[in-house]
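Participant: Provided herewith is a single structure, encoded as structure tokens, for subsequent inquiry.
Throughout, read-outs are computed from the coordinates displayed, never taken from laboratory work. Fair warning: this is a prediction, and the values are worked out from it, not measured in the lab. We place every Cβ from the backbone using ideal geometry, glycine too, and count neighbours over all the protein chains shown.
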């Protein structure tokens, strides 16, 4: 196994580290909140007595967006984030590293199969909250989610933009941010990806989101894009 | 008259006035078990004792209008003779949500924020686990897993049998050609081993006809394969035995699926048999999902690749997916298959809905209707359509891909 030569904070993104390997390759990583444990078989690095977890750009769409230079990474320490479509918690575990013990990720997932895996991750990471529910029905978890700083959505549904907006109405604070992964093929296979992105983005705009940046996730994911937006609550 | 804003939260039912002042706080139960029950009730829009108490107090104190977040609460409010207004995302609710941890301290339920979050995490874990458990109790998922296990076993058997044939062919290459049936081949290798044991007498004992036994023993005698010691043959026999065991396991699973399928989906089973029925459920992701699919989707389940290709390119959509395994379909001439698939899919859609929602048995009636329709198709479309005469094709509307 190759060794880490140096670990430096990322020049642009909070809580993200750049690991340089002895073979010259460069990887993203986050500081491991629970040292000694892996979440999905990722590599662990030790440098100056701190443990880091590799953040694989092919496994996590957020890492892919960072790798492709999204204009900003809005997640900060202590943030509360509502995560729609948390799945088995690969990306969520890195967000958990970044927000630290004072932050919270409310992880909503509909499929029991992957929720089982997420529950195992949440068992050791106290800042992850499992919620087995349908993101289409935010009122079914309105009683267990707080007002959040950010919304992260990876639901791969045809109507995902409106699902996201419905959730924002309940839970996202004014000026809060949204990170939304769009999988063009899940929305409409018959349409061109760029057309799908445009349609989704328009829906977001109508519901009070101001689009900050859109990055494509090639080569990490085909026909995917990540949208960064800011929410302005209608009074 | 002042308005009251009622919000159900993790810590209990809270009521605020217009100035966001906390008027009323009915705390959630303190034991984990009861707390989880409370959360489940709120989720399903049922009336909790806390909600009832809060509404009762509001009425006593002369409130007539209550602002709530969702229709499910509004129903309970009007049951108590109060007038509900639904305003999701109202400022008061948002602020309540933001202040939740500090409200938990103010009301004296928790001493520190850390204590609150520790308890919150603990209860949320239990809440989710309980819902997961409930999900796992659905028996249809057992049939789904069993059919997937069978598919895995089939793949494994194929892999092993290919290896076994090649391995044993070093010793007795002629057998590979003579015995095409996999279980039979594995059995011969396991029972007889060395080709010198392929005597007419031994083969007769294994149930072979005189003719076949003589043919095999003749082939063994004149084989061009290498001689192997018992030591070498032993390991080949172990592999053969595993293959045989896998066949046995496969058969028991077949039986198991039949039992479960008859329990959970008697009508589907009546139409297409337990295995194909389980396979349809497996692709759809359970009986509930299958029950909610339209017939047009059921018709092409398992042909997703072809369907989406057709949608992308505007070509011909597939006539059938996994339904092809239904004997009347694959035994019929090509031009009748689409019509039969459409009929069966339509009846399956009905059967799945009955299986999931009521469980009555009308399978025999459905089967009869399908048979009648197939006969009609056979009569009406006995000949292949002439040249490029338009074939009546089932046109599934552009279905969006469902989430896995």
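Participant: Note down the relative contact order for the stretch A:63-231 as a percent, whole number, built from C-alpha pairs under 8 angstrom at least six residues apart. Don't skip to the answer; put the middle values down first.
Facilitator: Working: 331 pairs, mean separation 36.5, N = 169.
Answer for the stretch A:63-231 is 22 percent.
Participant: Between residue A:58 and residue B:210, how high is the FRET efficiency from 1/(1 + (r/R0)^6) when r is the Cβ-Cβ distance and R₀ = 51 Å? Nearest 0.05.
Facilitator: 0.20
Participant: Taking every pair of Cα atoms in the stretch B:265-381, average 1/r, invert it to obtain the Kirkwood radius, and report Rg/Rh to two decimals.
Facilitator: On the way: Rg = 13.8 Å, Rh = 14.3 Å.
Across the stretch B:265-381, the Cα-based Rg/Rh ratio is 0.97.
Participant: A further question follows. I'd like the orientation of helix A:90-99 relative to chain A: the angle between its Cα long axis and the longest Cα principal axis, in ° from 0 to 90, rounded to 10.
Facilitator: Taking Cα atoms only, the helix is inclined about 80 degrees.
Participant: Within 10 Å of each Cβ in peptide A:110-122, how many partner chain Cβ atoms are there on average? Round it to a whole number, please.
Facilitator: On the way: counts 1, 4, 10, 6, 1, 5, 5, 0, 1, 5, 0, 0, 4.
Partner Cβ neighbours, averaged per residue: 3.
Participant: Of all DSSP beta bridges in the protein assembly as shown, what percent run antiparallel (nearest 5)? Mind showing how you got there, number by number?
Facilitator: Working: 39 of 64 bridges.
So the antiparallel bridges amount to about 60 percent of the total.
Participant: What is the stretch B:1-143's relative contact order, in percent, from Cα pairs under 8 angstrom and six or more apart in sequence?
Facilitator: With pairs under 8 Å counted, the relative contact order is 20 percent.
Participant: Once the Cβ-Cβ distance between residue B:376 and residue B:331 is put in as r, and R0 is 25 Å, what FRET efficiency do you end up with, to the nearest 0.05? Walk me through the numbers on the way to the answer.
Facilitator: Working: r = 17 Å, r/R0 = 0.67.
Approximately 0.90, to the nearest 0.05.
Participant: Using alpha carbons only, how many angstrom separate the centre of the stretch B:106-167 from the centre of the stretch A:122-190?
Facilitator: Here the answer is 22 Å between Cα centres.
Participant: Note down the nm distance, to one decimal, between modelled labels 7 Å out along Cα→Cβ at residue B:152 and at residue B:191.
Facilitator: The modelled label-to-label distance comes out at 3.1 nm.
Participant: Taking the number of other C-beta atoms within 10 Å as the exposure measure, put A:187, A:201 in order starting with the fewest.
Facilitator: Fewest-to-most Cβ neighbours within 10 Å comes out as A:201, A:187.
Participant: Provide the packing ranking of B:279-285, A:23-29, i.e. peptides ordered by the mean count of other C-beta atoms within 10 Å per residue, highest first.
Facilitator: Result, highest mean first: B:279-285, A:23-29.
Participant: Using Cα pairs closer than 8 Å and at least 6 residues apart in sequence, work out the relative contact order for chain B, in percent.
Facilitator: Numbers: 467 pairs, mean separation 44.3, N = 404.
Worked out over chain B, it gives 11 percent.
Participant: May I pose another question? Partner chain Cβ atoms within 10 Å, averaged over the residues of A:142-152 - can you pull that number for me?
Facilitator: For peptide A:142-152, the averaged partner shielding equals 6.
Participant: Along its three principal axes, how long is the stretch B:141-255 when you only count alpha carbons? Whole Å, largest extent first please.
Facilitator: Cα spread of the stretch B:141-255 along its principal axes, largest to smallest: 53, 29, 21 Å.
Participant: Okay, next question. For peptide B:122-132, how many partner chain Cβ atoms fall within 10 Å of a residue's Cβ, on average?
Facilitator: Taking the mean over all residues of the peptide, I get 5.
Participant: Further question on the same structure: Full-extension gain between residue B:250 and residue B:60, please, as 0.36 nm times their residue separation minus the C-alpha to C-alpha distance.
Facilitator: 61.7 nm
Participant: May I pose another question? Roughly what % of Cα-Cα distances in the protein assembly as shown sit above 38 Å, to the whole percent?
Facilitator: Working: 106787 of 203841 pairs.
Summing the P(r) tail past 38 Å for the protein assembly as shown gives 52 percent.
Participant: Once you put a point 7 Å from the Cα of residue B:22 and another 7 Å from the Cα of residue B:304, both along the Cβ direction, what distance in nm separates them?
Facilitator: The modelled label-to-label distance comes out at 4.8 nm.
Participant: Please quote Rg/Rh for chain A to two decimal places, taking the Kirkwood radius as Rh and restricting both calculations to Cα atoms. Numbers along the way, then the final one.
Facilitator: On the way: Rg = 17.2 Å, Rh = 18.0 Å.
Computed over Cα atoms, the ratio is 0.96.
Participant: Continuing with the same structure: Between the stretch B:24-64 and the stretch B:247-321, what is the C-alpha centre distance in whole Å?
Facilitator: 44
Participant: Then there's this: Taking the Cα-to-Cβ direction at residue B:364 and at residue B:106 and moving 7 Å from each Cα, how far apart do the two end points lie in nm?
Facilitator: Once both label points are built, they end up 6.8 nm from each other.
Participant: Starting from the coordinates of the alpha-carbon atoms of chain B, obtain the Kirkwood hydrodynamic radius over all distinct pairs and give the value in Å to one decimal.
Facilitator: Computed over Cα pairs of chain B, the Kirkwood hydrodynamic radius comes out at 27.6 Å.
Participant: How large are Rg and Dmax for the stretch B:3-136 when calculated on the C-alpha trace, in angstrom?
Facilitator: 14.8, 47
Participant: Apply the Debye scattering formula to the stretch A:2-55, with a single equal point scatterer on each alpha-carbon and no solvent, then give log10 I(q)/I(0) at q = 0.23 Å⁻¹.
Facilitator: Here the Debye-derived log intensity ratios amount to -0.84.
Participant: Give the whole-number value, in cubic angstrom per residue, of the convex hull volume spanned by the C-alpha atoms of the stretch B:272-318.
Facilitator: 76
Participant: Ranked highest first by the average count of other Cβ atoms within 10 Å around their residues, in what order do B:75-81, B:142-148 fall?
Facilitator: Final packing ranking: B:142-148, B:75-81.
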